[in-house]
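> Got a structure for you, written out below as C-alpha cells; questions coming shortly.
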C-alpha cells in the first residue's frame, strides 16, 4: 500500500525541479508583469499606486512607443517575408544530398551559431560608413560612399539584411526536413505527365510544404518581434530612433527611464501581439 | 559521353553552390581576415583581402582588455553549469511526462509546448525584479539557473524517451529497481543521443546569450564574453583592431563545436527549433 502511494507521487517528484525553476523564473514573472502594468512604481520604492488601465491609455499617446511599434511592424513584415523566401530557396536548391550541397548547407547554416553580438559586430565592420569594406570597395571603383548606418533608410535595410542573414540557414534546415517528407513518386508522376519544374513547384512542392511553411512563418515572426541584440550592436537603434524596435523601447523605458511598470504595460502589449498573431496564423492554416 | 557531361554539370553546380555559400559567409570571413591585419592595413583603400603582413598584435591587445581571462572563464562556467542543470532537470521532467500516467500530465505537456513560444524579452522587466528579490542580480547564478528549465529540452527528451519500450522498465521493477534507479541506470543511458543533442544546443544558447547577462550583470568581474564584447562596441570611438580579435576569440569555441558536430545542427530537429 505504501509502495503504491509512493508510485503515485513519483512523477510529481521527477517534475518538481524543472517546474520549480520554470515557475519562479517564467510563470511568476509573467504574472508579476501583468500586475505591474496596472500600477505606478519604480525599482527603489516598488509598486506605489494602483492606476488601472492608465499605463495602457498613456501608451496610445506615447510617440516613442508608437514609433517603435510601427518600426517593429515594418521590420517584422520584411524580415519574415525575406527569410521565408530565402530559406525556402536555399532548401530547394540544396535539397539533394550531394557533397557540394552538404558543404554549402554547413556554410549557410553557420551564421545561426554565431551570437547576435558577433553578428552585429561583423555587419557593422562591413558596413561602417568611413571604415567599412563595402564603402572602401565602392570608392576604389570610383563610386561615392553610402552612409549605410547613418542614413535612416539604409540603416533599416542593413538591420533587416543582417537579421535575415543570421537566421536563414536555420529555417533552411526545417524546410529541407519538410521537403524530405514529400514522396518522390509525385514528382516522377508529374514528370511523366510533362509538368515543368515551375509547375511542379507550384502544384506539388508548395501545397505539400504548407505545414512547414506555417511553422517557419510562426517561428520567424516570434523571432523577429524579439529582435534587439543585433540592432543594439549594429546601430543602437539609430540614427535617431530609426531602428529602435519594441524590445529596445521596453528596455530603455524600464532601465534607463527607471519606469518598470510602464515598461511592463509595453511587454504585455508585445505578448498579446505575439499570441494573437500565432493564433491567427494557426487559424488561417486550418481554414485553407 | 553523356555521362561525363552529366558529371561536369554536377561538378560545376557543386562549385557554384559552395562559392555562393562562401560569399554568404563574407561578413564572418572578413572579420577573421581583418583580425590578423596590422592597424595601418585595416583601413586601406582599396582594401586587401588577405593580410599582407599577418600579425597577432590585435590578439595580444584583446587579451589584455579588462579582465579577458575572467570573461572567458565566466562564459565557460555559465554555459557548462546551465547545461548540466538543464540536462538533469529536463530529463527528469521528460521521464515523468513520457513514462508515467498521472493526473495533469496532458495539461503539463501542453503547457510546456505553449511556453516554448514565450520569449524572455516579454518578461525582461519582472524577471529582473524576481532575481533581485532572490539576491541573484550581478551573480553568475542569476544567468545560470533561470534559462535551465528549457521547454525545448523537455520536449526533445520526452519524444525520445517515448521510444524506449515500457517492458524494460517493468522488468527492472520486478527485479526490484527503484524508480530513481530506473531513471538513472536505464533511462539516462538509453537517452544519450537525445541528451547529447540537448547538451550541444544548450551550451550554444548559453554561450551566445546576451540579454540575460545584459540585464542581470553589472560588475566587470562577472561579465561574460558577449557582454564584454558589446561594451567594447558601445565605447565612444570603437577600437576596431582589438574588437575584431576579441570577436574571433568569442566565436571560436562555437565554430569548433559546430564544425565538429555539424550533423547535430543540420539534422532536421524541429524540436530544437526555437533558440532558447
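> Looking only at B:52, B:99, B:222, which one moves most when chain B is put into a Gaussian network model with springs between Cα atoms under 10 Å?
Among B:52, B:99, B:222, the largest GNM mean-square fluctuation belongs to B:52.
> Test of understanding: extend the Cα→C-beta vector of residue B:168 to 7 Å, then name every residue of region B:184-211 with backbone N under 12 Å from that spot.
The answer is B:184-194, whose backbone nitrogens lie closer than 12 Å to the label point.
> In what sequence do B:124, A:126 fall when counting other Cβ within 10 Å, fewest first?
With the sparsest Cβ surroundings first, the list reads A:126, B:124.
> With an 8 Å cut-off on Cα pairs and a minimum separation of 6 or more residues, tell me the relative contact order of region A:139-272 in percent.
With pairs under 8 Å counted, the relative contact order is 27 percent.
> Alpha carbon centre of region B:62-125 versus region A:213-236: separation in Å?
Their Cα centres are 20 Å away from one another.
> Helix-only mean residue ellipticity at 222 nm, the protein assembly as shown, DSSP H runs n ≥ 4 weighted -39,500 (n - 2.57), per residue, nearest 500. What is it?
That calculation yields -21500 deg cm²/dmol at 222 nm.
> Then there is this: Where does each of A:87, B:163 land when they are ranked from fewest to most other beta-carbon atoms within 10 angstrom?
On the way: A:87 24, B:163 10.
The order, fewest Cβ neighbours first, is B:163, A:87.
> Return one quarter of the surface area of the convex hull spanned by the alpha-carbon atoms of region A:64-257, equal to its mean projected area, in nm². Provide the component values of the computation, followed by the final result.
Numbers: hull surface 54.5 nm².
Answer in nm², one decimal: 13.6.
> Here's another thing I want to ask about it. Taking N as the number of residues in region B:2-55, what is its alpha-carbon radius of gyration divided by 2.2 N^0.38 Å?
On the way: Rg = 17.0 Å, N = 54, 2.2 N^0.38 = 10.0 Å.
For region B:2-55, the normalised Cα radius of gyration is 1.70.
> Fewest Cβ neighbours within 10 Å first, please rank A:74, B:31, A:121 accordingly.
In order of increasing Cβ crowding within 10 Å: A:74, B:31, A:121.
> Over chain A, what is the relative contact order in percent, taking alpha-carbon pairs closer than 8 angstrom and at least six residues apart?
Reported relative contact order: 28 percent.
> How many percent of the alpha carbon pairs in region A:72-147 exceed a separation of 17 Å?
66
> Evaluate peptide A:27-39: per residue, the Cβ atoms of other protein chains within 10 Å of its Cβ; return the mean as an integer. Working shown, then result.
Values: counts 4, 5, 13, 6, 2, 6, 7, 1, 1, 3, 2, 0, 0.
The mean count of partner-chain Cβ atoms within 10 Å per residue comes to 4.
> Another question, then. Order of A:231-242, A:165-176, A:92-103, A:256-267 by packing, highest average Cβ count within 10 Å first?
In descending order of packing, they fall as A:165-176, A:256-267, A:231-242, A:92-103.
> Could you check the spin-label model distance between residue A:77 and residue B:114? Points 7 Å from the Cα along Cα→Cβ, value in nm.
Calculated label separation equals 3.1 nm.
> When the expected Rg is taken as 2.2 N^0.38 Å, what fraction or multiple of it is the alpha-carbon Rg of region B:69-272? Before the final figure, lay out the partial values.
Numbers: Rg = 19.5 Å, N = 204, 2.2 N^0.38 = 16.6 Å.
So the Cα radius of gyration is 1.18 times the expected 2.2 N^0.38 Å.
> Here's a follow-up. How many Cβ atoms of partner chains, on average, are near each residue of B:13-23 if near means within 10 Å of its Cβ?
Per-residue shielding by partner chains comes out at 6.
> Go ahead and run the numbers for FRET between residue A:9 and residue A:50, Cβ-Cβ distance against an R0 of 56 Å, rounding to 0.05.
About 0.85, to the nearest 0.05.
> Sticking with this structure for a sec: Find how many whole Å separate the alpha carbon centroid of region B:18-50 from the alpha carbon centroid of region A:259-288.
Centre-to-centre distance over Cα atoms comes out at 41 Å.
> Can you tell me the FRET efficiency between residue B:11 and residue A:70 if r is taken as the Cβ-Cβ distance and R0 is 51 Å, rounded to the nearest 0.05?
Once rounded, the FRET efficiency stands at 0.55.
> Determine the relative contact order of region B:69-272: mean sequence separation of Cα pairs under 8 Å and six or more apart, normalised by residue count, in whole percent.
35
> May I pose another question? Once you place label points 7 Å from the Cα toward the Cβ at residue A:198 and residue A:275, how far apart are they in nm?
The modelled label-to-label distance comes out at 4.5 nm.
> Related question: Given that compact globular proteins tend to follow 2.2 N^0.38 Å, what is the ratio of the alpha-carbon Rg of region B:151-270 to that value?
Working: Rg = 20.8 Å, N = 120, 2.2 N^0.38 = 13.6 Å.
So region B:151-270 has a normalised radius of gyration of 1.53.
> For region A:9-85 and region A:121-162, what is the centre-to-centre distance using only Cα atoms, to the nearest Å?
Region A:9-85 and region A:121-162 have Cα centres spaced 35 Å from each other.
> Another question about this same structure. Identify the residues of region B:229-249 with backbone N under 20 Å of a label point that sits 7 angstrom from the Cα of residue B:60 along the Cα-to-Cβ direction, or state none.
B:239-249
> Please compute one quarter of the surface area of the Cα convex hull for the protein assembly as shown and express it in square nanometres. Don't jump to the answer; show the numbers that get you there.
Values: hull surface 129.6 nm².
In nm², the orientation-averaged hull projection of the protein assembly as shown is 32.4.
> Just checking the output field for A:129-135: average partner chain Cβ neighbours within 10 Å of each residue's Cβ? Present the calculation step by step, with values, prior to reporting the outcome.
Working: counts 0, 1, 4, 3, 11, 2, 2.
Mean shielding by partner chains, rounded to a whole number: 3.
Bear in mind that the values in this text are calculations on the coordinates, not laboratory data. Here the structure is a predicted model, which means the values were calculated and not measured. Counting neighbours? That spans all protein chains shown, and the Cβs are built from the backbone with ideal geometry, glycine included.
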